[in-house]
Amino acid sequence: MTNQRTITLRLHADTAWIRMVQGVAEQCGTVFGLDHGKTLRLIMAVEEILVYLADLTPQAPLELNLTPGASHVDTTFSFAARDADLWAMNITACGADCTEENIQAMGLLLAARMSDGLDVRRDGANVILRLRLDRSYPDLETRQSERFAPRGEVLFQPALDPSRIKEACALATALYPEAAVPQAFRTPGKVVDQILGGELSGAMALDQGGNVCGFMTWSPRSATSVSFCGPYVFTSKRTAVARGLTEHLVGAVARTPVSAILSQLPTEDLPREDVELLGTLPLLAADGTPCPMPIWYRGMREDNGLAVWTHPELEGFLRTAYEQLFLMRDIHAVSHQGEQVAGRSVFATSFQPEASQALLIPMLDGADASGTLHGHVQLLLSEGYRNILVHLDLAHGWQAALAPALLKNGFQPRVLLPHAGQADVLVLQHAGS
Amino acid sequence: MLDLERLVPAHVRSFEVYTPSKPDQELMRLFRVDHLHRLNNNENPLGPPPEAARIVQGFPPRLTPIYPSGDAYALRQILAGRFAKSPDQFLVGNGSCEVISSVIKAFCAEGDNIVTADRTFAVYEWVAKFSGIEARLTPLKDFGFDPDAMLAARDERTKIVFVCNPNNPTGTWWDTATLRRFLDTVDSRQIVVLDEAYFEFVDQIGFPDGMKLLEQYPNLVVFRTFSKMYALAALRIGYLCSSPAVVDIIRRTHVVYSVNSLAQQAAAAAMENDGPFIAATRAMVAAGKEKVLTLCGELGLTCQCGEGNFVMIRVPTSDTLLYRKLMAKGVMIRTMTGFRFPGWIRVSLAREDVMEEFCRAMLGVLRP
């Protein structure tokens, strides 16, 4: 349903509207709960994007929406654009070797740096550019905790009580390694807002004394999958609480369109007998220490096959992965038959600075894909990112066809994520990052 | 521009689309097997009864341009004779899903609710939800319907209580005394639907016959089907029986002409001489249960083995992974995660050779 609080402007891509757009952004930032600093960043980001679009698609019809989320403000620009125009949406379009031709992309780069998240989606001829500004929340005060013995029977229920959610965040942060706990847990107010606002779901274990014995969260990953963090167990009886939390998650999504549950940040408490290991990403922490990330999967229904695309160079990896997982797929090989590839390639970039991680998502194919990827890798390495990942949605042949460009640039296939996109998603990782 | 968000009610937008399984040939191709034993839908592989089979084989093409009897007139006469009722007490539908829908439409309006169990045949809950009606679900107790919890879940807006006896998928059942106590407490304040889809499989002293309770409880509605014991699932035909007044109300919301002529004739024929067929099927089911229980003992697995032509097994792995591994051996079972029994599978009981193959497949997967 359309958010009733969304503010919509329909205008043309023209710098003449800058002051109006700035004014709307300022008002929305204040009304939607951003602090002064974040509001200023929102104002500057929307200005940069408008300038950028005025250059990219001069005078084209444009829709600007500002929507309050549970813990953030979303700003989206919707417009129509030709494929060739979109190249400037690469975050590298104005890198170290920025030319006069590409100077327009500087606005996008600046907007990305001023926001807490920027991504670009393409829906047919329309492009949606989304900018996210998070509300500010006070940091959690660090504390020491020890696991305790539960008082009486432990029961499991949806996490809805703000006090207990905050307590759970504090306990998880105190009892688990930093890499296993979502960044948001360090600002528990944000988690409360996300859960009560419906952006995040949670399960909580409570004993008869009302003590928080465990916590687990999950959120949508695609139309048919969710990803979870946890289970976080705060009692000495870890196995039973972990199992109860996991079963609560499974029960909560059992009669929904969700086909797959995938781990985002799993803990050692996750009951292994009911999940399948997809693989382990050899990630590095921001300080360079190894931080391997296992990825777990649980199918939610009978999987009777999908059709996926692959490039011959990745076919071996995929066939082995599917065989190991007993997943039946019609694997169609993409091939280049001499046809011209129109336009230039575009990759959206999503950053997780706290995990030193950058994720590239293909938006458009192009003959220059290899060079574009090279630019991304160089830029991200120079920015200090230790983990550079690419997600290929195997529902799309053109994404599978990017394999040679990815392999040439040092990416290696790591893990297959069933149902994580429109079809399965293949995760590739830059070996040198 | 088509604005589906404005046109479609919220309860329909949020509803999960049911995705039926693919045809056998397609599944066999995908899983690279040359055969497929379907042990997922509680079908009766012995059927249909010979009398019904003859009807199916001999259905004359000259009848295909002619509409069926819109209210299954002849079949209702036969049902009336069989159960010593009036034909007006029967309503025939396109499978039980249609009669469930008719009952809910007949009695429930916006703001009303139904009560049933959280781990039972999902269609009561589904139909209620996509009709915009609240489904109140009470937990099972020891794998069975909990009468006290169901009674407590009612309020002044509760219109229907659904009881599945024996319960699918757990096979648990209420005896006559339990059912009578429940009906006495309800005291006609709600419609009580007693779904006896698996009635013909039960040969237990103390198992209630809903048909015999109808005269005393005018709010009772009994569901039966030709899909399970009578093996006419492909023809989609089931029926309900209740007091004439209740059936008269339900008939108002029921689609006429929804049951085709072939189904009506085959169903009538199936009841002509069903004794030997039912006995043979019960023997097959009993032998199948023995095999599964032996397998579970060998593998150290918990088995929930009640009435009906199915059993549930607790498996030491994800049920959905086990499904894929068994499919790769040509055996199709039902995963129970969707029934909110994660880590369980349900297995339909079939002929001896098929059950042996199922056991071999389970041993191969769980004890390679």
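The values are calculated or read from the model by the stated rules, or taken from the named source; none is laboratory data. Just so it is clear, the model here is predicted, and its values are computed rather than measured. Counting neighbours? That spans all protein chains shown, and the Cβs are built from the backbone with ideal geometry, glycine included.
Is it the case that some residue within the range B:323-330 is in a helix (DSSP H, G or I), touching a helix residue (DSSP H, G or I) at 6+ places or on another chain (Cβ under 6 Å), within 14 Å of chain A (Cβ to nearest Cβ) and crowded, with 17+ Cβ neighbours inside 10 Å? Looking through the range B:323-330, at least one residue is in a helix (DSSP H, G or I), touching a helix residue (DSSP H, G or I) at 6+ places or on another chain (Cβ under 6 Å), within 14 Å of chain A (Cβ to nearest Cβ) and crowded, with 17+ Cβ neighbours inside 10 Å.
When the residues of the range B:112-132 are filtered to those that are away from chain A (no Cβ under 14 Å) and under 15 Å from B:Q190 (Cα atoms), the one that is surrounded by the most Cβ atoms within 10 Å (Cβ to Cβ) is B:I114.
Conditions tested, residue by residue: (1) surrounded by 14 or more Cβ atoms within 10 Å (Cβ to Cβ); (2) in contact (Cβ under 8 Å) with a residue 60 or more places away in the chain; (3) over 25 Å from the mean Cα position of the chain (by Cα); (4) not in a helix (DSSP H, G or I).
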| site | (1), (2), (3), (4) |
| --- | --- |
| A:M20 | no, no, yes, no |
| A:V24 | yes, no, yes, no |
| A:K38 | yes, yes, no, no |
| A:P58 | no, no, yes, yes |
| A:L62 | yes, no, yes, yes |
| A:T75 | yes, no, no, yes |
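Checked against the criterion of being more than 14 Å from chain B (Cβ to nearest Cβ) and at pLDDT below 95, the candidates A:D207, A:D193, A:D269, A:D287 yield just one match: A:D287.
Pick out the one residue from B:V365, B:V315 that is surrounded by 23 or more Cβ atoms within 10 Å (Cβ to Cβ), farther than 30 Å from B:P68 by Cα and within 14 Å of chain A (Cβ to nearest Cβ).
Numbers: B:V365 fails: surrounded by 23 or more Cβ atoms within 10 Å (Cβ to Cβ).
After ruling out the rest, the residue left standing is B:V315.
Among the residues of the range A:226-266, those that are within 14 Å of chain B (Cβ to nearest Cβ), outside any loop (DSSP other than H, G, I, E, B), touching a residue at least 40 places away in the same chain (Cβ under 8 Å) and touching a Ser or Thr at 6+ places or on another chain (Cβ under 9 Å) comprise A:L249, A:V250, A:A252, A:V253, A:A260, A:I261, A:L262.
Yes/no per residue for (1) hydrophobic (A, V, I, L, M, F, W, C); (2) crowded, with 23+ Cβ neighbours inside 10 Å; (3) in contact (Cβ under 8 Å) with a residue 60 or more places away in the chain; (4) in contact with a His (Cβ under 8 Å, 6 or more places away or on another chain):
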position	(1), (2), (3), (4)
B:D195	no, yes, yes, no
B:E215	no, no, no, no
B:P218	no, no, no, no
B:V222	yes, yes, no, no
B:Y230	no, yes, yes, no
B:A233	yes, no, yes, no
B:S242	no, yes, yes, no
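Please determine whether any residue of the range A:374-391 is touching a Pro at 6+ places or on another chain (Cβ under 8 Å) and either under 14 Å from A:H311 (Cα atoms) or part of a loop (DSSP other than H, G, I, E, B) (or both). The answer is no; no qualifying residue exists. Which ones in the range A:208-220 are over 18 Å from A:A260 (Cβ atoms) and surrounded by fewer than 20 Cβ atoms within 10 Å (Cβ to Cβ)? Matches in the range A:208-220: A:Q208, A:G209, A:G210, A:N211. Candidates in the range A:415-433 are the residues that are surrounded by 22 or more Cβ atoms within 10 Å (Cβ to Cβ) and over 16 Å from A:L327 (Cβ atoms); of these, the one that is farthest from the chain's Cα centre (by Cα) is A:H430. Screening the range B:1-114 for helices (runs of 4 or more DSSP H) wholly inside it with 2 or more residues that are over 21 Å from B:R334 (Cβ atoms) returns the ranges B:4-7, B:10-13, B:50-57, B:73-83, B:95-107. For the range A:337-353, a residue qualifies if it is part of a loop (DSSP other than H, G, I, E, B) and closer than 22 Å to A:N90 by Cβ, and the qualifying residues are A:Q340, A:V341, A:A342, A:G343, A:R344, A:S345.
Please enumerate the residues belonging to the range A:290-306 that are within 14 Å of another protein chain (Cβ to nearest Cβ), touching a residue at least 60 places away in the same chain (Cβ under 8 Å) and among the aliphatic types (A, V, I, L, M).
Restricting attention to the range A:290-306, the residues satisfying the condition of being within 14 Å of another protein chain (Cβ to nearest Cβ) are A:296-306.
Next, from what is left, pick out any that are touching a residue at least 60 places away in the same chain (Cβ under 8 Å): A:297, A:299, A:303, A:306.
Result: A:L306, single match.
Scanning the range B:333-356 for residues that are among the small types (G, A, S), within 9 Å of chain A (Cβ to nearest Cβ) and part of a loop (DSSP other than H, G, I, E, B) yields a count of 1.
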